[in-house]
Amino acid sequence: MSDRQQGVVDLLVTGGLVVTMDDEWTLIEDGAVAVHNGAIEAVGSSSDLGRAYQPAETIDATGHTVMPGLLNCHTHAPMTLFRGLADDLPLETWLHQHIWPAEAWAVKPEMVYWGTLLAAAEMIRGGTTLFSDMYFFEDDIGRAAKHAGIRAVLGEALVDLPSPNSKTPSEGLAYTEGLLKRWAGDPLVRVSVQPHAPYSASAELLARSKELADRYGAIYLTHAAETAVEVSESRARNGRTPAAYLDDLGVLDRNTVLAHGVHLTDEDIALLAEKGTGIVHCPQSNLKLASGAARLPELLAAGVGMGLGTDGVASNNDLDMWGEISSAAMLHKLISGDPTAADARTVVWLATRGGAEVMGLGDELGSLEAGKRADMLLIDLDQPHLVPLCDIYSHLAYAVNKADVATVIIEGRVVMRDRRLLTVDEQELFARAREMAVEIGPRFGRR
């Protein structure tokens, strides 16, 4: 008789308020989640699952909410080492005069590894269980993600000019194809194809990148329509908006994701909906850089898939998805003058189910349902700002913060228990990060 038939499972999380994020928005008071071989075996009441399963380990979730892990669908993880480097500047100035010169000087495999490990520690502590990354030396980002036990979608930044990792676009594409082969089948790390942007990648590179993505069935992600200046320059150079230009190149489809998508026209939104192309909304980064705000209500109304992301720490300045959730809700109420815009359920959905679907992982992640991967977090509800509990989605959108995350489970493995990170030596990590960053600020920060 098999373990499954005997009811033997690796883990039973029991006694909490289970927020499934399934199609029926099912909530289970005194609920439980059974986990076996990294997958969710069953979700139900504590009494039912307690009778049905024999767990090797039990986690008592009494006084906690149990929910799916958060997905950070767009970031640049190693930029933790640029935190606070050149704040309060326009995007173009920030990039060209500070960030790109700093990257040219500082970005090496060791910096990327330790910067990513710092990012992973921050994200796990905040309940993020997957991040989608665009940077350089992405193989080292994958190594750091594996060390920390967090899911990652790797995307080498593909540009026309020499990068810290590739002298030519062809080298960048070859490196990306190597990633696609090397990480194939890994339970935690996947690979995407990520040309940086229509203004930094030629039409040839954008098209070749899509050919590579399609050949391997990978997600294709690029920055687009982030600033008004970018859109204006695209009209002048290409005679059309960035979205329309990308469509002319044949790269828009259901496996394509645009990061930011702030300045989209009505025609752009209709085009994205028709093609099935998704958007990653990064409200805090766009606010800080005064780039604007993506048209979230209109995008959702048109049926465009959406997720949330933090962007990089250099423009945020943290990797806190709870901040993105609350910012998305508040921002769009303010812009629209409608308090019902971007309601609590919607923004929590964007950080879970929405993000999973945009990243092509909707069948595996984003909700607590039997058969999906066992990524979940326990939120400590015994906090002054979380009492009383009238509506859990309201709490998740407006009251919960990263310090309330007590335990994090990824692929069935407990990576943080009772606020103690189990996979990373944080004191060593902090020492290495401070040592590596000590020269960056004086050289490339604001003077």
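Could you look through segment 339-387, keep only residues that are in a strand (DSSP E or B) and of a type in the set (D, E, K, R), and pick out the one that is surrounded by the most Cβ atoms within 10 Å (Cβ to Cβ)?
So in segment 339-387, the residues in a strand (DSSP E or B) come out as 373, 376-380.
Keeping just the survivors that are of a type in the set (D, E, K, R) gives 373, 380.
Values: Arg373: 25, Asp380: 18.
Restricting to residues being in a strand (DSSP E or B) and of a type in the set (D, E, K, R), the top hit is Arg373.
Where in segment 1-80 are there strands (runs of 3 or more DSSP E), lying fully within it, with 1 or more residues that are surrounded by fewer than 22 Cβ atoms within 10 Å (Cβ to Cβ)?
Numbers: elements: 8-19, 27-36, 39-45, 54-60, 64-68, 70-75.
Answer list for segment 1-80: 8-19, 27-36, 39-45, 54-60.
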Exercise for the section: Please specify each residue of segment 177-193 satisfying the condition of being in contact with a strand residue (DSSP E or B) (Cβ under 6 Å, 6 or more places away or on another chain) and over 10 Å from Gly142 (Cα atoms). Expected result: Leu180, Ser192, Val193
Handout entry: Tabulated pairs, segment 315-328, first in contact (Cβ under 8 Å) with a residue 60 or more places away in the chain, second in a loop (DSSP other than H, G, I, E, B) and among the charged types (D, E, K, R), C-beta under 6 angstrom, 6+ apart or interchain
Key = Asn317/Arg83
Handout entry: Test result for Leu334, assigned to a helix (DSSP H, G or I) and without any contact (Cβ under 8 Å) to a residue 12 or more places away in the chain
Key = yes
Problem - Which listed residue is among the hydrophobic types (A, V, I, L, M, F, W, C), out of contact with any Cys (no Cβ under 9 Å at 6 or more places or on another chain) and touching a residue at least 24 places away in the same chain (Cβ under 8 Å), from Val280, Val304 - result: Val304
Practice task
Could you tell me which of the residues Ala174, Ala144, Ala184, Ala157 is surrounded by fewer than 17 Cβ atoms within 10 Å (Cβ to Cβ) and not in a loop (DSSP other than H, G, I, E, B)?
Solution key: Ala174
Completion exercise
Per the filter on segment 153-185, residues touching a residue at least 24 places away in the same chain (Cβ under 8 Å) and among the charged types (D, E, K, R) are Glu156, Asp160, Glu177, Arg182
Exercise for the section: Looking at (1) surrounded by 24 or more Cβ atoms within 10 Å (Cβ to Cβ); (2) among the hydroxyl-bearing types (Ser, Thr, Tyr); (3) without any contact (Cβ under 8 Å) to a residue 24 or more places away in the chain, find the lone condition where Thr93 falls short. Expected result: (1)
Fill in the blank from the handout: Flagged in segment 272-298 as in contact with a Ser or Thr (Cβ under 8 Å, 6 or more places away or on another chain) and either part of a helix (DSSP H, G or I) or closer than 22 Å to Pro339 by Cα (or both), in numbering order, are Lys275, Cys282, Pro283, Gln284, Ser285, Leu287, Lys288, Gly292, Pro297
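To keep it simple, each residue is scored yes or no on (1) more than 22 Å from Ser132 (Cα to Cα); (2) under 21 Å from the mean Cα position of the chain (by Cα).
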{"position": "Thr352", "(1), (2)": "no, yes"}
{"position": "Asp363", "(1), (2)": "no, yes"}
{"position": "Asp375", "(1), (2)": "no, yes"}
{"position": "Leu381", "(1), (2)": "yes, no"}
{"position": "Tyr393", "(1), (2)": "yes, yes"}
{"position": "Tyr398", "(1), (2)": "yes, yes"}
{"position": "Ala403", "(1), (2)": "yes, yes"}
{"position": "Ala406", "(1), (2)": "yes, yes"}
Exercise for the section: Determine whether Val66 is in contact with a Pro (Cβ under 9 Å, 6 or more places away or on another chain), at pLDDT 95 or above and at negative phi. Expected result: no
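Look at Ala104 and say whether it is out of contact with any Phe, Trp or Tyr (no Cβ under 7 Å at 6 or more places or on another chain), surrounded by fewer than 15 Cβ atoms within 10 Å (Cβ to Cβ), in the same structural domain as Arg143 (by TED's automatic domain parsing) and hydrophobic (A, V, I, L, M, F, W, C).
Against the criterion (out of contact with any Phe, Trp or Tyr (no Cβ under 7 Å at 6 or more places or on another chain), surrounded by fewer than 15 Cβ atoms within 10 Å (Cβ to Cβ), in the same structural domain as Arg143 (by TED's automatic domain parsing) and hydrophobic (A, V, I, L, M, F, W, C)), Ala104 qualifies.
The values are calculated or read from the model by the stated rules, or taken from the named source; none is laboratory data. Source: prediction; values computed, not measured. Glycine gets a Cβ as well: all are built from the backbone with ideal geometry, and neighbour counts include every protein chain shown.
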